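One structure is given below, encoded as structure tokens.
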Amino acid sequence: MTATATWLPMSADTALACSTSPDLFFAESPQDVARAKELCAGCPVRAACLADALDRGEPWGVWGGELLLRGVIVPTKRARGRPRKSSLAA
């Protein structure tokens, strides 16, 4: 199946969220990733976007409202750096 076979026809006045701020969908910050996922919620091509990304084995980014890392859906993105040993560590 090709990617073009699953996309819905869009009118000229319709802009997808991913085309207006594409960097947000490949962000490092967990907050930016969460925002990208929120923007996908009402997208008319959300299901097709996710299916095609999984078919292509996209290595990372937000696709169809889901975060992909190494081609697999993961629930959240960890912040950069080493995690704290305990919640009390400062």
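Which one is surrounded by the fewest Cβ atoms within 10 Å (Cβ to Cβ), of the residues in the stretch 64-81 that are among the charged types (D, E, K, R) and at pLDDT 75 or above? Give the derivation first.
Step one: filter the stretch 64-81 for residues among the charged types (D, E, K, R), giving 66, 70, 77-78, 80.
Those still in the list that are at pLDDT 75 or above too: 66, 70, 77.
Values: 66: 18, 70: 9, 77: 19.
Checked the stretch 64-81; the qualifying residue surrounded by the fewest Cβ atoms within 10 Å (Cβ to Cβ) is 70.
Restricting to the stretch 14-36, give me the number of residues that are closer than 20 Å to residue 75 by Cα and of a type in the set (A, V, I, L, M).
Matching residues across the stretch 14-36 total 5.
In this structure, does residue 56 turn out to be exposed (fewer than 13 other Cβ atoms within 10 Å of the Cβ) and at pLDDT 90 or above? Reasoning before the result, please.
Working: exposed (fewer than 13 other Cβ atoms within 10 Å of the Cβ): yes; at pLDDT 90 or above: yes.
Yes; evaluated as a whole, the condition is true for this residue.
The values are calculated or read from the model by the stated rules, or taken from the named source; none is laboratory data. On a predicted model such as this, the values are computed, not experimentally measured, just so you know. Methodologically, a virtual Cβ is constructed for each residue, glycine included, from the backbone with ideal geometry; neighbour enumeration extends over all protein chains shown.
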